[in-house]
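Working notes, structure below.
Taken together, the values in this text are just the output of simple stated rules run on the coordinates, not laboratory data. Just so it is clear, the model here is predicted, and its values are computed rather than measured. Cβ placement follows ideal geometry from the backbone for every residue including glycine, while neighbour counts extend to all protein chains displayed.
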Amino acid sequence: MSTDSDTSSLGPGIATAWRIGIKGLLDGEHIYEIQPVTGERVILVQRECFGGQLVPVLWGSMENGTRLGFNEMNVAVKKKAEERD
């Protein structure tokens, strides 16, 4: 299955976001948000919202891989950020 994605910057605090999937059937929006903490420190929040008629049917098989991928990426981003401190 091939899908189209749309990458865009959505405004203050949101670094980037993209949408992928087949609208109404199975689609997702992935968002990276940068939240200032103090001085030069920020928190990077990533989230994904899924929608469509197939989510209830497929979520069981999607959840573990999606969560694992997010966790692995979070660890890698944290490591990179701390190397620059």
Need one word for the stretch 5-83: rounded, prolate or oblate. Basis is the Cα gyration tensor (sqrt eigenvalues a ≥ b ≥ c); a/c below 1.5 gives rounded, then a/b vs b/c decides. oblate
Could you order peptides 61-69, 18-26 by the average number of other Cβ atoms within 10 Å of their residues, highest first? 18-26, 61-69
Once the other residues with Cβ under 14 Å from the Cβ of residue 59 are scored (Lys, Arg +1; Asp, Glu -1), what is the net sum? -2
Sorted by Cβ neighbour density within 10 Å, fewest at the top, the residues 44, 54: 44, 54
